[in-house]
Structures are given as C-alpha cells and as structure tokens.
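To keep things clear, I will list the structure first and then write my remarks on it.
The values are calculated or read from the model by the stated rules, or taken from the named source; none is laboratory data. No experiment lies behind these values; they were computed from the predicted model shown. Using ideal geometry, Cβ is built from the backbone for each residue, glycine included, and neighbour counts are taken over all protein chains shown. Note: accessible area is taken over every heavy atom of the protein model, side chains too, but ligands, DNA and RNA are not part of it. Shrake-Rupley method; radii C 1.70, N 1.55, O 1.52, S 1.80 Å.
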Amino acid sequence: MKITFCCTDTKAEPWLQGLAAVLPGAEISVWQPGAPQADYAVVWAPPQQFMDEQSGLKALFNIGAGVDALLKLRLPPQALVVRLDDAGMAVQMAEYVCHAVIRHFREFDGYEADMAAGRWGYRKPRLRSDFPIGVMGLGVLGERVAKALAQFDFPINGWSRSPKAIAGVRAFTGAEQFNDFLSASRVLVNLLPLTPDTANVMNQDTLGRLQPGAYVINVARGAHLVEEDLLALIDSGHVAGATLDVFRTEPLPAGHAFWNHPRITITPHTSARTLRDESIAQIARKMAALERGEAVAGIVNPARGY
C-alpha cells in the first residue's frame, strides 16, 4: 500500500510517523511534484497539480470535516473522497456551542462588562422556554451538539435535508419545513456543509424569520453568512448578537466590522480542531477496510457536496 501526504500548512512528520506506526507495511511519503503514483492520499487543501498527477488514487482522505474546498478541484474520477466522521471534533464542537449559548442566555457577557466597569449588579433570570435553539445540520457534529444542548433543558429544534430522529429534538426536514424551523427558533446554530445550495443561507430573509431577540452561532463556513445582513439585523434589534468562528476571509481582515462590534464574539476558526492521533487511527482503519474490499463510513457524494 502506497500512501502520499499532501496537507497545506500542516507539519508532515508527526502524521507520517503516526501512519507508519499503525500501517507498518505501507510506503508513506510527502508528495512532491512528479512523485510516483500512490494508492491512497491524506490531504488538506492540495493543489490541482496533485490531483492531476495522482490520477490513479483509490481514495482521498480529507483531514478536516469540511470537503467544500476539495470538491472545487478536478478529482481523479475513480477516487473515493472520505471525510473524517468525528476524530474528536464532535465533543469540541459541543463544548464550543454550549458555551456560546449559555454565555448569551445567562448574560455572562453583560456581567463581564459590569465587572470591567466596576459595577455590581444582577440580571433577572430568563426562561429556557423562551430560548428555543435551532440546530441547522444534523450530521455527526450537529447531532452531538443538539444532544448536548438538550441536557440544559432548552427546547431543541433540528433541521436537516433528510429525515432524522434524535431523542429530545423536534425534527424539521427539507425545504418545505425550513421556514417553520426558523420561526420556531430564537437561537440559530449553523452546522451545515457548504454546498451551492447552502451558500448565503443565513441572510436578511432567513435570519429575519427567527424569533425576535435572536442569537446566531456560526461554526460551519463563513460563506454561509451574508455578513452585511447580520449587521443590519443587529442594528435593527431583531438579532441580539452573534458568536462567529468562521468567516468569508480568514484571517479576518484588519478593520472588519466584526472585530470591535459590541454584540459579536469572534474566534479564529477554532471551534473544533482535528485531533491528529484520533484522525490517524480512523484513516488507517478505513484504508485497511478498503483494501479488504469492505464499505467504510464517511464517503462523500460529490454531486451532493458532502
């Protein structure tokens, strides 16, 4: 088994050592232009030249959850695209989203401002029933987030393209129920894959359908959000604020309106990071299964985009 590694902005040596430890019979190397053909590739943001040269690949293993950048390339037609199912990201995402929701619901941002100003004061407790949370996207990460939020007794709505049944989650399915999902939610958490159908999905119209005093949490892709529309809705008072981990341009440019906005919390695309050891173990299991002719989870449908 020949494996090539082509991951932009990723230190290769720990990955090579980890893969060699769990796949002792494999030939593993970092891709260089003109390198021999490999059977499998471990990739993150590879160049088109890599795809053109490695035309015989059986499968590409993407080391992040999102495959939108990879699917923009011309891929070897026979190669499977395999994404990580979880690899430690789901629990991180649940931590991040629960923190953002609770910080907003309990008004901890207001207490932080009070403490910085030397003010000692209380805020009236708010009712969880007044803060139904809509989780948009119920894949591996979305399901874990929805289940985690349900533990805090918030009403939880979930929207997905295909039917999903999750204990404690009110399910909405497909385009025909999307507006009902939005109007039933006050907090919106975006965990959708980025596809042509979901680009700009959070806009003036959709965010405007959320309940008054809405709160927006985006941990998927920056291209899901029309930034100007969010700012306008915050200025109008319909949206109370937002926690944003992903942006159209990353790093976020200096001078961007989000940097110093008093109602927007930003983090540098860190809500769920790839955990190397868990990812290596998962990739190795799937490579071995494919070699045995077995089916594996996480195969991407390029036509669907995830």
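Just checking, which of ALA41, ALA21, ALA90 is of a type outside the set (S, T, N, Q), out of contact with any Ser or Thr (no Cβ under 7 Å at 6 or more places or on another chain) and within 24 Å of ALA272 (Cα to Cα)?
None of the others qualify; the one that does is ALA90.
Could you list all residues from region 272-296 that are closer than 16 Å to PHE5 by Cβ, of a type outside the set (Val, Ile, Thr) and within 19 Å of the chain's Cα centre (by Cα)?
Once the filter is applied, which keeps residues that are closer than 16 Å to PHE5 by Cβ, of a type outside the set (Val, Ile, Thr) and within 19 Å of the chain's Cα centre (by Cα), region 272-296 yields ARG276, SER279, GLN282.
Which residue is nearest to the chain's Cα centre (by Cα), if the candidates are limited to region 141-159 and must be closer than 20 Å to ASP197 by Cα and open to solvent by 10 Å² or more (accessible area, probe 1.4 Å)?
LEU141
For region 261-306, enumerate the residues that are within 21 Å of TRP15 (Cα to Cα), of a type in the set (S, T, N, Q) and surrounded by fewer than 14 Cβ atoms within 10 Å (Cβ to Cβ).
THR270
Consider only pairs whose beta carbons are under 8 Å apart and that are at least six residues apart or on different chains; among these, list those whose first residue lies in region 138-150 and is in contact (Cβ under 8 Å) with a residue 60 or more places away in the chain and outside any helix (DSSP H, G or I) and whose second residue is of a type in the set (A, V, I, L, M) and buried (at least 20 other Cβ atoms within 10 Å of the Cβ).
Filtered contacts from region 138-150: GLY139/LEU191.
Is region 99-120 home to any residue that is in contact with a strand residue (DSSP E or B) (Cβ under 7 Å, 6 or more places away or on another chain) and either of a type in the set (A, V, I, L, M) or part of a loop (DSSP other than H, G, I, E, B) (or both)?
Within region 99-120 (the criterion being in contact with a strand residue (DSSP E or B) (Cβ under 7 Å, 6 or more places away or on another chain) and either of a type in the set (A, V, I, L, M) or part of a loop (DSSP other than H, G, I, E, B) (or both)), the answer is yes, since at least one residue qualifies.
With respect to ALA26, is the statement that it is in contact (Cβ under 8 Å) with a residue 12 or more places away in the chain, under 26 Å from ARG292 (Cα atoms) and not assigned by the TED database to the domain that holds VAL135 true?
So ALA26 fits the description; yes.
On the given criteria, is ALA257 part of a loop (DSSP other than H, G, I, E, B), of a type outside the set (D, E, K, R), in contact with a Leu (Cβ under 7 Å, 6 or more places away or on another chain) and over 30 Å from ASN62 (Cα atoms)?
Yes; evaluated as a whole, the condition is true for this residue.
For region 160-202, what are the residues that are open to solvent by less than 20 Å² (accessible area, probe 1.4 Å) and part of a strand (DSSP E or B)?
Residues satisfying the conditions are SER160, PHE172, VAL187, LEU188, VAL189, ASN190, MET202.
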